[in-house]
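Notes to accompany the following structure.
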Amino acid sequence: MSIDLTKLLQDWPYEPGQINVRLIRGDDGEPKIQMRLDLGVLQMEVTGRPDGLRPNDFDSLLELHESRIADHEEAGGPEGDGDPPVLSEDDCRLLREEAVQFYHRYISLLVLSDYEGVVRDTTRNLRVLDLCKQYAESEEDRTVLEQFRPYITMMRMRALASQMVVGGEPKAALFLIDEGVDQIRRQYDDMGRAAEFEEASEVQLLRGMRDELVTKLPASQKHELHERLKRALEQENYELAAILRDELKMLKDDARPEGP
């Protein structure tokens, strides 16, 4: 059998500006994800580590390090005997390289509308950021990934909201989008970049998704929002009331007169 990929690439042309993804059945009978790039094709497993490897018989390096740290803390606690657990520069580099694999996969899964898979892989990559932030030996390794936290959060909330839309729960989708925007606001504050928040691409994408969703809400939604606002004010839940007012304002802004 020829190992030349020319025929495969010719049969599946690369399309600039598009994320070209497909789901295929592998020779082992299991589904595989393929992503077409300008210079070839990436192939990934649908579950587990995308390259199919199991470092030290763990699903990924993340699980390996999480298990190692948990074992240390269970044995003696954070202040127990022995040196505290740390991630070396090599550990963090390999974790970052592994996270890139999961990034390629959750981007592909979003195109394939596998929202559950996107939530799984984005949640997993957020755990990488948390682990490095807490246990990395060097200051650079503790902070270098934080710049990606808003993007991963946006992708996760986008997938969660899409799940709700598919399930016929648009109100839940709106709540998740608002929660995602609030999380990203706090993240920009934590990074000392609060001034960039309003123009951040992650925020613009979530708000755009919200605007599109609001226009599809049924007419009865407006009445229900008024009732919820009334109850929130009666209960002096002013934070919820502010959110509901914003939702009502968007409904009014998006209203269009019917044509003749």
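Residues are listed down the side, and each one gets a yes or a no for (1) small (G, A, S); (2) free of Cβ contacts under 8 Å to residues at least 60 places away in the same chain; (3) in contact with a strand residue (DSSP E or B) (Cβ under 7 Å, 6 or more places away or on another chain):
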| site | (1), (2), (3) |
| --- | --- |
| D4 | no, yes, no |
| K7 | no, yes, no |
| Y14 | no, yes, yes |
| L23 | no, no, yes |
| Q43 | no, yes, yes |
| G48 | yes, yes, no |
| H72 | no, yes, no |
| L87 | no, yes, yes |
| R93 | no, yes, no |
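State which residue is most open to solvent (accessible area, probe 1.4 Å) when the search covers only segment 1-19 and only residues that are of a type in the set (S, T, N, Q) and farther than 18 Å from V111 by Cβ. Before the answer, list the steps.
Residues of segment 1-19 of a type in the set (S, T, N, Q): 2, 6, 10, 18.
Checking the rest, the ones that are also farther than 18 Å from V111 by Cβ come to 2, 6, 10.
Working: S2: 88, T6: 68, Q10: 125 Å².
Among those residues, the one meeting the criterion is Q10.
Quick check on this structure: which one of L217, L213 is in a helix (DSSP H, G or I) and closer than 28 Å to D114 by Cβ?
Exactly one of L217, L213 is in a helix (DSSP H, G or I) and closer than 28 Å to D114 by Cβ, namely L213.
Give the residue, chosen from R22, R36, R68, that is open to solvent by 50 Å² or more (accessible area, probe 1.4 Å), of a type in the set (K, R) and assigned to a strand (DSSP E or B). Step through it out loud before you land on a result.
On the way: R36 fails: open to solvent by 50 Å² or more (accessible area, probe 1.4 Å); R68 fails: assigned to a strand (DSSP E or B).
That would be R22, the only listed residue that is open to solvent by 50 Å² or more (accessible area, probe 1.4 Å), of a type in the set (K, R) and assigned to a strand (DSSP E or B).
I'd like to check something: does segment 134-144 contain any residue that is within 26 Å of I33 (Cβ to Cβ) and in contact (Cβ under 8 Å) with a residue 40 or more places away in the chain?
Taking segment 134-144 as the starting set, the residues that turn out to be within 26 Å of I33 (Cβ to Cβ) are none.
Taking every residue of segment 134-144 in turn, none turns out to be within 26 Å of I33 (Cβ to Cβ) and in contact (Cβ under 8 Å) with a residue 40 or more places away in the chain.
Table: residues versus (1) modelled with pLDDT under 90; (2) among the hydrophobic types (A, V, I, L, M, F, W, C); (3) exposed (fewer than 13 other Cβ atoms within 10 Å of the Cβ).
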{"site": "E198", "(1), (2), (3)": "no, no, yes"}
{"site": "E202", "(1), (2), (3)": "no, no, no"}
{"site": "L217", "(1), (2), (3)": "yes, yes, no"}
{"site": "Q221", "(1), (2), (3)": "yes, no, no"}
{"site": "N237", "(1), (2), (3)": "yes, no, no"}
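Does at least one position in segment 102-124 carry a residue that is loosely packed, with under 14 Cβ neighbours inside 10 Å, in a helix (DSSP H, G or I) and over 13 Å from the mean Cα position of the chain (by Cα)?
Within segment 102-124 (the criterion being loosely packed, with under 14 Cβ neighbours inside 10 Å, in a helix (DSSP H, G or I) and over 13 Å from the mean Cα position of the chain (by Cα)), the answer is no, since none of the residues qualifies.
Read through the list (1) in a helix (DSSP H, G or I); (2) of a type outside the set (S, T, Y); (3) at pLDDT below 95; (4) more than 18 Å from D141 (Cβ to Cβ), then give the number of the only condition that G82 fails.
(1)
Scan segment 164-189 for residues that are over 23 Å from D114 (Cα atoms) and among the aromatic types (F, W, Y) and jot them down.
Y188
Right, E179: open to solvent by less than 80 Å² (accessible area, probe 1.4 Å), under 30 Å from V144 (Cβ atoms), of a type in the set (D, E) and in a helix (DSSP H, G or I) or not?
Considered against the rule, which asks whether it is open to solvent by less than 80 Å² (accessible area, probe 1.4 Å), under 30 Å from V144 (Cβ atoms), of a type in the set (D, E) and in a helix (DSSP H, G or I), E179 comes out as yes.
Select from segment 141-157 the residues that are of a type in the set (K, R) and surrounded by fewer than 21 Cβ atoms within 10 Å (Cβ to Cβ) and list them in ascending order. Full working, then the answer.
Taking segment 141-157 as the starting set, the residues that turn out to be of a type in the set (K, R) are 142, 149, 156.
Answer for segment 141-157, where residues must be of a type in the set (K, R) and surrounded by fewer than 21 Cβ atoms within 10 Å (Cβ to Cβ): just R142.
The values are calculated or read from the model by the stated rules, or taken from the named source; none is laboratory data. Just so we're clear, the structure is a prediction, and the values are computed from it rather than from any experiment. Cβ: placed from backbone, ideal geometry, glycine included. Neighbour counts: every protein chain shown. Accessible surface areas use protein heavy atoms only, side chains included; no ligands, DNA or RNA. Shrake-Rupley method; radii C 1.70, N 1.55, O 1.52, S 1.80 Å.
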